[in-house]
Amino acid sequence: MPLTPAYSWNQDETSATISISLPSSAAAARNTRVECTEAMVKLTCPPYFLQIDLFGDVDDSTSRATIESRSVEITIKKKSPAQWPSLKSALPPDALKERRLAAIARKDQRDIAAAEDHKEKKRQDDDYVFHKQWDLEKDEKRTIERLAAEHKRAAEKELYTWADDAEGRAAGEGEEELVTYFDKQLVEGG
C-alpha cells in the first residue's frame, strides 16, 4: 500500500505552491512522476503517492514541478484569481471523480493535438530541408555542367585551331552562346 507524504501549501491571488516532503531520497528524478490537470495534482514516487483534487481549476499548461533530493515543489497557476479557503476540493466523492476524469480527458485531448501539431511541424521542417537540399544539389549540378561545357568548348577550340593551322585554313569566326542541359530545362520550364 502506498504511503502518503507530508505536504504544505501557500497561495496568492493567482497561484498556489505545494511543497511535498519525502523522508528518504526517494525523490530521484527517474522515480518521480508529477501529473497536473485542471482539477488535480498527482505525485507518484514509490513508495509514496499523493493525489490532490484541487479546490479550483488551474492552468495545467503553465504548472511547474521542481524535484529535489528530499522534496518536490509544484507551482500551479489559478484560472480565476482568488484566495482558496483550502487546497482540496470539498465536493462529494462521486463529483470529484467525475471532475477528475473530465479534466484528464481534456488534458489527453490537448496532448494528442499537441503531438499531432509537433508531428506536422516536423514533417514540414523535413520537407523544407529536403527541398532546400534538392535546390542546392541542382545548383551544384548546374555549376558542374557549365564548367564541363566551358572546358569542352576550350578543348574543342584548341583542337580546331590546331587542325586549321595544320591544314592551313583560316580560323572560324565568332563563338556560339554556351547552353547547358540545365539552362535548357530552365527555358522549357522543367
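General observations
- The one condition in (1) open to solvent by less than 70 Å² (accessible area, probe 1.4 Å); (2) modelled with pLDDT of 90 or more; (3) part of a helix (DSSP H, G or I) that Ile112 fails to fulfil: (1)
- Residue check, Asp12 within 26 Å of Ala113 (Cβ to Cβ) and modelled with pLDDT under 95: no
- Looking at Thr66, Thr62, just one residue is open to solvent by 20 Å² or more (accessible area, probe 1.4 Å), in a strand (DSSP E or B), without any contact (Cβ under 8 Å) to a residue 40 or more places away in the chain and within 22 Å of Ala102 (Cα to Cα), and that residue is Thr62.
- Matching entry among Glu35, Glu13 (being open to solvent by 10 Å² or more (accessible area, probe 1.4 Å) and either over 20 Å from Ala105 (Cα atoms) or among the small types (Gly, Ala, Ser) (or both)): Glu13
- Within segment 69-100, restricting attention to residues that are part of a loop (DSSP other than H, G, I, E, B), at pLDDT below 90 and not hydrophobic (A, V, I, L, M, F, W, C), the residue that is most open to solvent (accessible area, probe 1.4 Å) is Arg70.
- Some residue of segment 146-156 being touching a helix residue (DSSP H, G or I) at 6+ places or on another chain (Cβ under 6 Å) and surrounded by 12 or more Cβ atoms within 10 Å (Cβ to Cβ): no
The values are calculated or read from the model by the stated rules, or taken from the named source; none is laboratory data. Computed from a prediction, not measured in an experiment: that's the story for all the values here. FYI the Cβ positions are ideal-geometry reconstructions off the backbone, even for glycines, and counts take in every protein chain you see. All accessible areas refer to the heavy atoms of the entire protein, side chains included, with ligands and DNA or RNA removed. Shrake-Rupley method; radii C 1.70, N 1.55, O 1.52, S 1.80 Å.
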